[in-house]
1. Which residue, chosen from 138, 234, 124, occupies the Cα position most advanced towards the positive end of the dipole of the chain, where the dipole is computed from +1 (Lys, Arg) and -1 (Asp, Glu) charges on Cβ about the Cα centre?
2. What lysines sit close enough to residue 210 to cross-link, taking a C-alpha to C-alpha distance under 30 Å and skipping anything fewer than 8 places away on the same chain?
3. If I model a spin label at residue 78 and residue 161 as a point 7 Å from the Cα along the Cα→Cβ vector, what separation in nanometres do I get?
4. Ranking 208, 74, 115 by Cβ neighbours within 10 Å, fewest first, what do you get?
5. Any idea what the dipole of the chain comes to, in debye rounded to 20, about its Cα centre with Lys/Arg Cβ at +1 and Asp/Glu Cβ at -1?
6. Apply the Karplus parameterisation 6.51 cos²θ - 1.76 cosθ + 1.60, with θ equal to phi minus 60°, to every residue of the stretch 34-49 and state each ³J(HN,Hα) to the nearest whole Hz, in sequence, with x for glycine and proline.
7. Given an 8 Å cut-off on Cα distances and at least 6 residues of separation, report the relative contact order of the chain as a percent.
8. Would you grab the residues whose amide H sits under 5 Å from the one on residue 185? Only those 5+ places off in sequence or on another chain, please, with H modelled 1.01 Å from N.
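Since every read-out is calculated from the coordinates, none of them should be taken as a lab result. What you are looking at is a predicted structure, and each value in this text was computed from that prediction instead of being measured. Here the Cβ positions follow ideal geometry from the backbone for every residue, glycine too, while neighbour counts run over all protein chains shown.
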Amino acid sequence: MSCFVMNPEPLAAIANAVETRLNVGYDYWGFEAPDSLYRELADCKMSCTYFAEEIYKKLYAVNVRAYNGRYGDHEEPEDEVAPIIDGSEYIVHHGPEYQSRDEGNGTTYAVLPWHYQLAQLLDCWLYQTAEDATRSDPLRLAMQEFRDGLYSFIVQHSRDYLAGRWGELPRPAQEEKRSGAAIFHINTAPGEAVAQKGHTSYPEDFPHLKLGETFTAWRVEDGWEVETTLDGAALMERLQALKEQEAETDD
């Protein structure tokens, strides 16, 4: 592998995202920062507030130590002091952009393009710091935990994950074809709203849900259309019930 020092601008974008995550509650994005990250960035906090500028400097220093560790024998060592920039200009993350209803119906979080961009930036920094000199650096390990939490959020709130079978193997292809329920199209209209404006709003972006409903489904040519505010286990249970109902009808 090779190693380079990331440009200040993407490092500032990472620092801004970390600052936001550390300064807000769980429901801001729907995933938590690890305790290790709070601990390793404690010196970037004044009173109760974490500051991106200090986080940026620490991320840069670890990256430079990794670079110097790899190339120090035949190149002039880089300075660990980060270039001075207006880091506040570089933002890839956004505020809460998920449909949330606290009525016993669960919370639906929208996976948006910025989640993937932030994951790419974190992956780049983690790769550039995976050198012998910094591979086990406590801040790097904490940032890796943070990245893994973002990964988990993306997977668990993706359409393909929610359409899977909770605790079961997938149906054999012939059985899926016979039942006519091989595919679930989940929240097509809300998904279009996210693509257009970056978030969904209830009830206007859920045109098929009647007031008080949390789940509705109807047959289409290649499977089922589903519109719902449920997620996780609650959604899995409703989808499983729909599959069982379809199997009984076929029998």
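1. 234
2. 197, 243
3. 3.3 nm
4. Going from least to most buried by this count: 74, 208, 115.
5. That gives the chain a dipole magnitude of about 160 debye.
6. Taking θ as phi minus 60°, the curve returns x, 4, 4, 6, 4, 5, 6, 10, 4, 7, 9, 10, 10, 6, 10, 10 Hz for the stretch 34-49.
7. For the chain, the relative contact order is 21 percent.
8. 224, 225, 226
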